[in-house]
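Have a look at the structure below, then the notes.
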Amino acid sequence: MINNPIIDINNLNWSYNGTKVLDNISLNIKPGTFTGILGPNGAGKTTLLKTILNLLQPDRNSILISNDDIRNYSRNELAKIEAYVPQSSKNNFNFTVEQIVLMGRSPFLGRFDRESNDDIGIADWAMKETGVFGLKNKYITTLSGGELQRTIIARALTQEPAILALDEPTSHLDIHHQINILSIVRSLAKKKSLTIIAVLHDINHALEYCDNLFLLNHGKIVTHGSPEDVITPDIMKKIYNLNIQITTNPLTGNLFMIHDYT
Ligand SMILES: Nc1ncnc2c1ncn2[C@@H]1O[C@H](COP(=O)(O)OP(=O)(O)OP(=O)(O)O)[C@@H](O)[C@H]1O
Ligand SMILES: [Mg+2]
């Protein structure tokens with residue numbers, strides 16, 4: 001058992017209209033760790049994240065956040081703890097990048113409060129880290145896909161959460177920004193004990209950045225543990241029908257997966 005897990009899931013089940021998509025999931029996540037959720041399309045990864053964010057409500061006591069049933073938290077209490085970067089974001093409201101990012105402070109403000117200089121400082125920091133500061137006065141309806149994704153990540157960082165849940169956070173990003181975003185969140189995990197839980201499809205990103213991995217298939221955890229334990233030729237063949245080898249990346253010294261194209 002993990003000491004003091006920040007997220008503790010016990011026998012979690014979820015069905016949409018009678019179809020089971022999460023099947024008896026149990027897992028623990030320690031504060032300050034970077035956890036990757038892997039698995040094929042439709043495995044249940046986004047559904048799992050939504051339960052951890054209380055956007056879907058499974059049975060009582062299946063999800064504990066800091067030892068308390070997630071359903072005992074108010075929406076505002078939870079917004080001070082957890083931030084969410086969804087798999088895709090709608091951008092049909094005409095706000096500027098800065099206005100969207102500052103919304104990350106709203107759980108901390110009273111109804112009629114304006115943002116303080118501290119709040120603006122946090123938003124400026126998040127926009128600089130994610131490379132959208134130069135776009136702060138641009139309307140979000142006019143952003144590219146990657147610029148919008150980085151804006152939503154900046155808003156989540158501005159929330160200064162204890163838990164940051166990211167659903168395919170690099171799906172729209174060029175390779176420079178993919179590495180930049182994953183490096184920022186990893187360093188926040190280490191420096192500020194931020195707990196990262198990220199759905200990733202890129203196995204090499206998982207090998208490079210994650211402390212722990214959970215591999216989901218058909219709503220069940222197939223395997224979990226260190227990247228080394230989870231990403232094996234047998235498991236990759238079984239789950240993705242992929243022939244792989246694990247090697248070492250000579251530039252980083254970390255594990256690296258290569259695969260064939262047949
Ligand atoms: N609102 C919904 N109503 C009914 N079925 C749903 C709903 N949302 C998801 N599903 C189904 O639940 C299963 C799991 O979906 P989920 O979005 O969690 O998968 P995922 O692992 O995130 O996949 P992907 O890699 O494609 O994002 C899928 O079979 C999906 O069709
Ligand atoms: Mg998904």
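What follows is calculated from the coordinates using simple rules that are stated; it is not laboratory data. Computed from a prediction, not measured in an experiment: that's the story for all the values here. So basically every Cβ, Gly included, is an ideal-geometry build from the backbone, and we count neighbours across all protein chains shown.
Segment Arg60..Met103, full-extension length gain: 12.5 nm, with 0.36 nm per residue of separation and the alpha-carbon distance subtracted.
Applied to segment 133-143, the Karplus parametrisation 6.51 cos²θ - 1.76 cosθ + 1.60 on θ = phi - 60° returns per-residue 3J(HN,Hα) values of 4, x, 9, 4, 9, 7, 6, 5, 5, 9, 7 Hz, with x for Gly and Pro.
Under 5 Å between amide hydrogens, built in the peptide plane, is the criterion, and for Leu242 it picks out Lys237 among residues at least 5 positions away or on other chains.
Helix content alone sets the calculated 222 nm mean residue ellipticity of the chain: runs of n ≥ 4 DSSP H residues at -39500 (n - 2.57) each, divided across all residues, give -9500 deg cm²/dmol. Between Asn241 and Lys30, the distance separating the two model label sites (each 7 Å from Cα on the Cα→Cβ line) works out to 3.8 nm. Within the shell of other residues whose beta carbon sits under 15 angstrom from the beta carbon of Ala162, the net charge comes to 0, with Lys and Arg scored +1 and Asp and Glu -1. Distance between the pseudo-spin-label points of Phe112 and Ser88 (7 Å out from Cα toward the beta carbon): 4.1 nm.
Output the pairs from Lys191/Lys238; Lys90/Lys136; Lys192/Lys238; Lys80/Lys190; Lys20/Lys190; Lys50/Lys80 with a Cα-Cα distance over 28 Å in this structure; if there are none, say none. Violating the 28 Å limit, Cα to Cα: Lys191/Lys238; Lys192/Lys238; Lys20/Lys190. Taking the C-alpha atoms only, the angle from helix 145-158 to the longest principal axis of the chain is near 70 degrees.
The packing ranking, built from the mean of other Cβ atoms within 10 Å per residue, places the peptides 196-204, 117-125 in the order 196-204, 117-125, highest first. If you fit an axis through the alpha-carbon atoms of helix 117-129 and take the longest principal axis of the Cα set of the chain, what angle between them do you get, 0 to 90°, nearest 10? Around 40 degrees separate the two axes. For the chain, compute Rh as the Kirkwood radius over C-alpha pairs and then the Stokes-Einstein diffusion coefficient at 25 °C and 0.890 mPa s; write the answer in µm²/s, rounded to an integer. In µm²/s, the coefficient rounds to 128. A simple rule links phi to the HN-Hα coupling: the Karplus curve 6.51 cos²θ - 1.76 cosθ + 1.60 with θ = phi - 60°, which for segment 222-239 gives 6, 7, 8, x, 5, x, 4, 6, 8, 8, 10, x, 4, 5, 5, 5, 5, 8 Hz, with x for Gly and Pro. Computed over segment 95-224, relative contact order equals 23 percent, with contacts defined as Cα pairs under 8 Å that lie 6+ residues apart. Remark: segment 64-72, residue by residue, has Karplus-estimated 3J(HN,Hα) of 10, 10, 6, 6, 10, 3, 4, 6, 7 Hz, where x stands for each Gly or Pro and the curve is 6.51 cos²θ - 1.76 cosθ + 1.60 at θ = phi - 60°. Quick check: Cα centre of segment 198-262 to Cα centre of segment 1-75, how many Å? Each part's Cα centre sits 21 Å from the other's. Residue ranges 133-145, 43-55 sort as 43-55, 133-145 when ordered by packing (mean number of other C-beta atoms within 10 Å per residue, highest first).
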